[in-house]
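Inspection log for the structure reproduced underneath, given as C-alpha cells.
The values are calculated or read from the model by the stated rules, or taken from the named source; none is laboratory data. On a predicted model such as this, the values are computed, not experimentally measured, just so you know. Quick reminder, even Gly has a Cβ in these numbers, built from the backbone with ideal geometry, and neighbours come from all protein chains shown. Surface accessibility is based on the protein's heavy atoms, side chains included, excluding ligands, DNA and RNA. Shrake-Rupley method; radii C 1.70, N 1.55, O 1.52, S 1.80 Å.
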Amino acid sequence: PEDTVTSSFASFIHGAQPDHLSKTVRHRSKRMILDSIGVGLVGSTTHVFDIALRYCRELYSPVAVSSVYGKPDVKLSPTLAAFTNGVATHSMDFDDTWHPATHPSGAVLPALLAASQMLPPGTKPTGMDFLLAFNVGLEVQGRLMHFSTEAHDIPKRFHPPSVVGTMGSAAATAKLLSLSRAQCCHALGIAASLAGAPMANAATQAKPLHIGNATRLGFEAALLAARGMEANPFILDDIPGCSGFSAFYGVYHPKPLLAPSDHHEFLLEKQDIAFKRFPAHLGMHWVVDAALSVRNLFVHYAGSFSPALIRTIVLKIPVSKYINRPFPSSEHQARHSFQFNACAALLDGEVGLGSFTESSIHRQELRELLDKVVVEHPKDNVANFDKMYGEVLLLLHSGDVLTGKCDTFYGHWRKPLSKESLLKKFRSNASHVLPEEKIETIITTVDNLENLSDSSQL
C-alpha cells in the first residue's frame, strides 16, 4: 500500500536529491561530520576499540575453519558459519519448538559446531563438553522465557528466538570456551544488546535471519567477553527505571538460576520438545491433523475426496494475526497460513516439502478450496502451544457436517515422535545433500556423543 508510514519513508529515501539540501543544512551537517571524525579518531586510542578491532580481524580472517551445512568444500570464519547454518536451520520453519514458544536448537547448535572447529588442536572440547554446553544454552533460554507470562502465548511483538536464542547462544558458547564467571555474566549483557527481531518479518525471507543472527550474535557476545569486553552485570535483574532484559517484556519477574548440583533438574527434563513432521509454523500442525482426520471421514462418506461436494470449510483456530493468511502467495506465507495448510491437507491427504513449491501453492483446485474457508475464533481456543487446538468442519451441500479436531498433534511434547519417526525425518532431510554412509555416520556419532573425544568431528 502507498498510504502507509513505511511507504512514505521509502518514498523519501528513494526520492531525496542533493538540491533538496539548504545552505544551512549543508553547513550544520558538515560541522557534525567533522566533529564525528575527530571523535572517532580519538576513540581509536581506547581499550574497547582495541577489543573490537582484534575481534574483527579474527572474524574476517582469511583462515576459514568452520563448516557449512550441505557444502563440503566450503569453510567460513566461525561466526559467519554459525550465521549461515542458523539461517539454514530456520529456512523452512522445520526446526524444533519449545514451550514457552521459541526455536531453541537452531539458536545454539550452529554456534557450538563452529566454535568446536575454531579451537586449536589440543583444546578441542569433548562430546560431553559439547553436550553440556548445548544444554546450558537450552536452560538459559527456558529460564528466561519463564520470567514473563507474556512468553507463554504465541508471540505478537518480537520473534522469541531472536531474543532468548541470542542469550542461549552466548551462554552455550561461553560454556564451551570455559569463560570465567565474570566473563559469562558479561557475555549475557553483551548479547542482550544484540538481541531482537520484530514479528512483522514472519512469513518473509527475513525470518530465517532471526535464527542466524541469534546464534551468530550470541557467539560474538561470548567471544567479545572472552577478550575483555564488559557489560552491565545486572542485565537480567528487574531494576526500576533502568531496563535490562526486561525491556523485551511488559511483565517481568526474574528468578535466580541456582548453581547446578547433583539434584539439578534441567527444564528439558520437565518440558519436552516438539518436532515438526512437515516444514511449517508449529500452529499448522494442529489444523493439518484435524484436516486429515475430517478428510478420512469425508472419503468414507463419499467414497473419494470430492471438493465439489463441499460448500464451506470452517476453521476453528486461535487468534494470531501473522498465521491467519487467507490467500498466501509465497512459500514463506504458505508456511504461516492456517488456511493453506488445512486445504493442502484436505486436497492431497498430506503436507510435506512439496506442498510449498510455487506450483503447488498456485494450483487452481487449491485456490478454489481456499475460497470456501471461513475462520472462527472460539474463546476457549487460546494462542498458546500448550493449550490450543485445531478444528476443521466441512459443511456439505447436502446439509451434512463432518468434523475433525486435534488437541495434540503427533510430534508435540505431549505426543513425541517415536525414534523411528525422528530417524525417518532425519534421513529424508539429510539425503538431499549427503550420501547414505555419511547420514548413518552422523546418526551414530550423535548417538555416541558422550564418548566423542573431539566434538569438532561432528
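Tabulated values for the structure
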| item | result |
| --- | --- |
| Yes/no for LEU236 being at pLDDT below 95, part of a helix (DSSP H, G or I) and open to solvent by 10 Å² or more (accessible area, probe 1.4 Å) | no |
| Filtered residues of segment 354-380 (kept if within 24 Å of ASP95 (Cα to Cα) and either outside any helix (DSSP H, G or I) or of a type in the set (Asp, Glu) (or both)) | THR357, GLU358 |
| Counted residues, segment 8-29 - those being of a type in the set (Gly, Ala, Ser) and modelled with pLDDT under 80 | 0 |
| Residues of segment 425-444 classified as among the small types (Gly, Ala, Ser) and part of a loop (DSSP other than H, G, I, E, B), total | 1 |
| LEU179 vs. criteria modelled with pLDDT of 95 or more and either open to solvent by 20 Å² or more (accessible area, probe 1.4 Å) or among the charged types (D, E, K, R) (or both) | no |
| Tally of residues being without any contact (Cβ under 8 Å) to a residue 24 or more places away in the chain and of a type in the set (D, E, K, R) across segment 190-223 | 0 |
| Which numbered condition SER320 fails, given (1) surrounded by fewer than 13 Cβ atoms within 10 Å (Cβ to Cβ); (2) of a type outside the set (A, V, I, L, M); (3) closer than 27 Å to LEU144 by Cα | (1) |
| Of residues in segment 267-305 being over 14 Å from ASP348 (Cβ atoms) and free of Cβ contacts under 8 Å to residues at least 24 places away in the same chain, the one most open to solvent (accessible area, probe 1.4 Å) | HIS300 |
| Evaluation of TYR55 against (1) assigned to a helix (DSSP H, G or I); (2) touching a Lys or Arg at 6+ places or on another chain (Cβ under 9 Å); (3) free of Cβ contacts under 8 Å to residues at least 60 places away in the same chain (one fails), failing number | (3) |
| Number of positions in segment 239-259 that are closer than 25 Å to ARG157 by Cα and either β-branched (Val, Ile, Thr) or assigned to a loop (DSSP other than H, G, I, E, B) (or both) | 12 |
| Any hit, segment 445-455, residues being in a strand (DSSP E or B) and either out of contact with any helix residue (DSSP H, G or I) (no Cβ under 6 Å at 6 or more places or on another chain) or outside the structural domain of ALA101 (by the TED database) (or both) | no |
| Residue in segment 350-398 that is nearest to PHE278 (Cα to Cα), counting only those that are of a type in the set (Ser, Thr, Tyr) and in contact (Cβ under 8 Å) with a residue 40 or more places away in the chain | SER355 |
